[in-house]
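Q: Here's a structure for you.
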Amino acid sequence: KRVFVYILGAYYLTIPGVTPAVIGTILLISNLSGFLFEIPSSYASDKMGHKQALVISRVLILLSSLFYLSSDNITLLILAGVFMSAGNAFHSGTGSAFMHETLRGLGRDNDYSRIMGKASAIGFAVPVILTVLIPFFVSISFKTPFFISLILDIIGLIIVLSLKVPPVPQEHIQEIRVTNFKGVLRDGYRLNFFSIALFSGLISGALFSTGGFRGAYQTFLEIPVIWYGVFFGTGRALASLLLAYSGKIKKVITFPFFLTFQLITYPLLMVLLGLVSTLWIIILIFIVINALQWGLSQIDEGYQLDVIKSSKFKATLLSTGSQMDQIIAAGSGFGLGLIIEHTSYQFGFFCSGIIFFTLLLPVYIYILRKYKAGAY
């Protein structure tokens, strides 16, 4: 995990020349890079093999930490963001597809949400310790968290290199090698997947742009950095709890209910950020956004896999949502930065909530109509 992410906005402001508009520009370039890398990286993953793509991902992430560690100007911050986005692009979809293939080989693909939910819960719970400690390291230097991340990235690369490739029938590999990219698009349309990817991408993009200004807003509110880790760690701990029960939650709720919950909850939280000025309520909203954004991620991915489980291009199709996430986050992050620069943080968050609800609503209605027609 990027344990430094919650202080990133505050870290940006320590670099000479950085303003909210500049943060928006960094988010724009970083996410556009992720958008450009997303489909080619996932298609390459299906071609070269999922493990090889995961290795490339870890190398790019490691380089990103190096750039953050050595940053003393805006250019290096942009390069750090670009490499992090590229690394995430090579992991997006690929990691899920790698695990899904492993579980399919074990005859346990129906347990994906439950198993990955518990695995992700561990992945969120363990870094909470570092998350709480990071602000203490910041008291030494703002560079210290990035040095710690660099060490973790080296360990992560070693672990990925040690992964065992799951057994895949030779016929399946041959089919992937002879299928062109148009086949991927046909699969997506045939399975009515792209509307779901768009809905998920809108949600993720909106929340990512909001989270991109969390640290900067907390700095503006004069909240001591020492508390950032406590707030962020609380959100991640709640996310870990939700992830641990992903399988059970998915069995209890329906797909339409899950969509409705997201449609109402996330824009409402963003609007509330723009309306309230009470410090503890603002902190609570950021904690809830953090918990729900990541705590429900495996349920979201589980529903997507239910739709595309018969496709040979899981990594490529899964990355469609991530690609939409990147382009939406790029535009919204840039726009939010400009609004904040010329008005206020509150007005920027309020506008974001209204705009994204307006964009989500027609996609939501379309998916529900398809669902009632038996498309899913």
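Q: Choose one of 138, 232, 40: the residue whose Cα lies farthest towards the positive end of the charge dipole of the chain (beta-carbon charges +1 Lys, Arg; -1 Asp, Glu; about the Cα centre).
A: Value: 40.
Q: Once the piece of chain linking residue 358 and residue 261 is laid out straight, how much longer is it, given 0.36 nm per residue of separation minus the C-alpha distance between them?
A: Stretched out fully, the residue 358 to residue 261 stretch lengthens by 33.4 nm.
Q: Using a Gaussian network for the chain with springs between C-alpha atoms less than 10 Å apart, which of these wobbles most: 164, 314, 250?
A: Among 164, 314, 250, the largest mean-square fluctuation in the Gaussian network model of the chain belongs to 164.
Q: Okay, next question. What angle, in degrees between 0 and 90 and rounded to the nearest 10, separates the Cα long axis of helix 228-244 from the longest principal axis of the Cα atoms of the chain?
A: Approximately 20 degrees, to the nearest ten.
Q: Given a Förster distance of 51 angstrom, what is the FRET efficiency for residue 76 paired with residue 245, based on the Cβ-Cβ distance and rounded to 0.05?
A: Using R0 = 51 Å, I get an efficiency of 0.80.
Q: Let me ask something additional. Quick one: accessible surface of residue 371, probe radius 1.4 Å, all protein chains present, in square angstrom to the nearest 10.
A: Roughly 90 Å² of residue 371 is accessible to a 1.4 Å probe.
Q: Something else now. What is the distance in Å between the Cα centroid of segment 345-366 and that of segment 2-32?
A: Between the Cα centres of segment 345-366 and segment 2-32 lies a distance of 23 Å.
Q: Right, here's the next one. Any chance you could check the Cα centroid distance between segment 69-117 and segment 272-340 for me, in angstrom?
A: 15
Q: Also, I was wondering about something else. Between 279, 62, 130, find the one with the highest GNM mean-square fluctuation for the chain; connect C-alpha pairs within less than 10 Å.
A: Between 279, 62, 130, it is 279 that shows the largest mean-square fluctuation.
Q: Can you give me the angle between helix 181-190 and the longest principal axis of the chain, using Cα atoms only, in degrees from 0 to 90, rounded to the nearest 10?
A: Around 90 degrees separate the two axes.
Q: For segment 232-322, take every pair of Cα atoms, bin their distances at 5 Å starting from 0, and report each bin as a whole percent.
A: Calculated P(r), rounded to whole percents: 3, 13, 19, 20, 19, 14, 8, 3, 2, 1, 0.
Q: Taking 0.36 nm per residue of sequence separation and subtracting the Cα-Cα distance, how much length would be gained by fully extending the chain between residue 119 and residue 162, in nm to one decimal?
A: Taking residue 119 through residue 162 to full extension adds about 13.7 nm, to one decimal.
Q: Rank 15, 194, 294 by how far each Cα sits towards the positive end of the charge dipole of the chain (+1 on Lys, Arg Cβ; -1 on Asp, Glu Cβ) and give me just the farthest.
A: Result: 194.
Q: If each DSSP helix of 4+ residues adds -39,500 (n - 2.57) and the sum is divided by the residues in the chain, what number results at 222 nm, nearest 500 deg cm²/dmol?
A: -27500 deg cm²/dmol
Q: Which of the peptides 71-77, 106-112 is most tightly packed, and how do the rest follow, going by the mean number of other Cβ atoms within 10 Å of each residue?
A: With the highest mean Cβ count within 10 Å placed first, the list reads 71-77, 106-112.
Q: Please give the FRET efficiency for residue 189 paired with residue 338, using the beta carbon to beta carbon distance and R0 = 25 Å, rounded to the nearest 0.05. Could the numbers behind the result be given before it?
A: Details: r = 35 Å, r/R0 = 1.42.
With R0 = 25 Å, the Cβ-Cβ based efficiency is 0.10.
Q: Starting from the Cα of residue 275, step 7 Å toward the Cβ, then list every residue of segment 200-228 with an amide N under 20 Å from that point.
A: 207, 210-211
Q: While we're here: Just going by the charge dipole of the chain, with Lys and Arg at +1 and Asp and Glu at -1 on Cβ, which of 263, 210, 65 is farthest out on the positive end?
A: 263
Q: Ordering 280, 227, 294 by how much accessible area each has at a 1.4 Å probe, largest first, what is the list?
A: Highest to lowest solvent-accessible surface, that is 280, 227, 294.
Q: What's the magnitude of the charge dipole for the chain around its Cα centre, counting Lys and Arg as +1 and Asp and Glu as -1 at the beta-carbon? Answer in Debye, nearest 20.
A: That gives the chain a dipole magnitude of about 960 debye.
Q: Counting only other residues whose beta carbon sits under 14 Å from that of residue 94, what net charge do I get with K and R as +1, D and E as -1? Mind showing how you got there, number by number?
A: Numbers: positive: 47, 51, 58, 314; negative: 38, 46, 101, 301.
Within the 14 Å Cβ shell, the charges total 0.
Q: Sticking with this one: Using per-residue counts of other Cβ atoms within 10 Å, averaged over each peptide, order 259-268, 142-151 from highest down. Can you show the working numbers first?
A: Details: 259-268: 17.5, 142-151: 19.2.
The most tightly packed comes first, giving 142-151, 259-268.
Q: Right, another one. In degrees, nearest 10, range 0 to 90: what is the angle between the Cα axis of helix 94-105 and the longest Cα principal axis of the chain?
A: Long axis of 94-105 versus the principal axis of the chain: about 40 degrees.
Q: How do 281, 129, 287, 299 rank by accessible surface area computed with a 1.4 Å probe, from largest to smallest?
A: On the way: 281 50, 129 115, 287 20, 299 0 Å².
Result, largest first: 129, 281, 287, 299.
Q: Just to make sure I understand: if all protein chains stay in place, what is the order of 342, 50, 91 by accessible area at 1.4 Å, largest first?
A: The ordering from most to least exposed comes out as 342, 91, 50.
The values are calculated or read from the model by the stated rules, or taken from the named source; none is laboratory data. Nothing here was measured: the structure is a model prediction, and the numbers come from that model. Here the Cβ is made from the backbone with ideal geometry for all residues, glycine too, and neighbour counts use every protein chain on show. Please note that ligands, DNA and RNA were not included when accessible areas were found on the heavy atoms of the full protein model with its side chains. Shrake-Rupley method; radii C 1.70, N 1.55, O 1.52, S 1.80 Å.
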